[in-house]
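The values are calculated or read from the model by the stated rules, or taken from the named source; none is laboratory data. As the structure is a prediction and not an experimental result, all values here were calculated from the model. Here the Cβ is made from the backbone with ideal geometry for all residues, glycine too, and neighbour counts use every protein chain on show.
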Amino acid sequence: MQDRITALELGNGRFLFNFNNEDDLVAVLKMGLPYFNYFMFEPMVDEDYPSIIPFWNEPIGFPLHLRTAGNLNSIGDKLGMVYEVDATLGKINVDIDSSNP
């Protein structure tokens, strides 16, 4: 599969992966993302760990002329409870439920 996937480093820890076919994409997505910075991901299961976390989100690839407060609120509503919208920067402050990825 390695020879059928290309990767491009975008900077700031972001990468763009291109798959030659949908079957390879589905296979990778089914495997999940078990590693981050070479460490095995282990989900937190402690009852005291907060699952609702306020998080600033910036929709990637969202055209500047569509970054209105109304549109950003609509996107935020799909993610969780919206606290604040900054249409100038195109960012949404939303409560994210980390127990429900």
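Quick notes
- Residue match in the stretch 10-27 (condition: surrounded by 10 or more Cβ atoms within 10 Å (Cβ to Cβ) and either at pLDDT below 75 or hydroxyl-bearing (Ser, Thr, Tyr) (or both)): no
- The stretch 50-74 - residue that is part of a loop (DSSP other than H, G, I, E, B) and touching a strand residue (DSSP E or B) at 6+ places or on another chain (Cβ under 8 Å) and, of those, nearest to Val85 (Cα to Cα): Glu58
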